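What follows is calculated from the coordinates using simple rules that are stated; it is not laboratory data. What you see is a predicted model; the values in this text were computed from it and never measured. Every residue, glycine among them, receives a Cβ derived from its backbone with ideal geometry; neighbour counts consider all protein chains shown.
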Amino acid sequence: MPHAGEDDPHDACADQFPPNRYPGNDVLVGGVRFDALQVGVRVLWEIKTHRFDTYPDFIRRMTIQEQVPLLREERDIAEACGYGFVVGVSTQEHKDALLEQEPLLNIVVTGCKR
């Protein structure tokens, strides 16, 4: 499926970083759109290109509160369908904040920026 985000820097990251088996497209698995299916392995990716390190503390907390339940759900769907699941984030700060709330997530710092 074509990328849904309409965010060119985000889509470029999703295509190049894992790298995406289907550049220019999201992957529909278990009724959920994932940003990428990694080339050569059964691993689905969700890419976050937020500039998390620039956010005020309140916005950081709200972002994590919103993202963690969705990422858990996506991870569970990916795994139920026989895929691994990786979250790509732009900054180490974002990774650390997510892992503090959900230490079982597999998170990679991509360095991609919006």
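Within the range 1-55, the only residue that satisfies the criterion of being in a strand (DSSP E or B), exposed (fewer than 14 other Cβ atoms within 10 Å of the Cβ) and out of contact with any Gly (no Cβ under 9 Å at 6 or more places or on another chain) is L28.
If you scan the range 21-53, which residues turn out to be β-branched (V, I, T) and within 16 Å of H10 (Cβ to Cβ)? Matches in the range 21-53: V27, I47, T49. For beta carbons closer than 7 Å, sequence separation of 6+ or different chains, a first residue in the range 23-40 that is under 20 Å from E73 (Cβ atoms) and a second that is surrounded by fewer than 16 Cβ atoms within 10 Å (Cβ to Cβ) and among the aromatic types (F, W, Y), the qualifying pairs are L37/Y22. Against the condition more than 18 Å from K113 (Cβ to Cβ) and assigned to a strand (DSSP E or B), how does F58 come out, does it pass? Against the criterion (more than 18 Å from K113 (Cβ to Cβ) and assigned to a strand (DSSP E or B)), F58 does not qualify.
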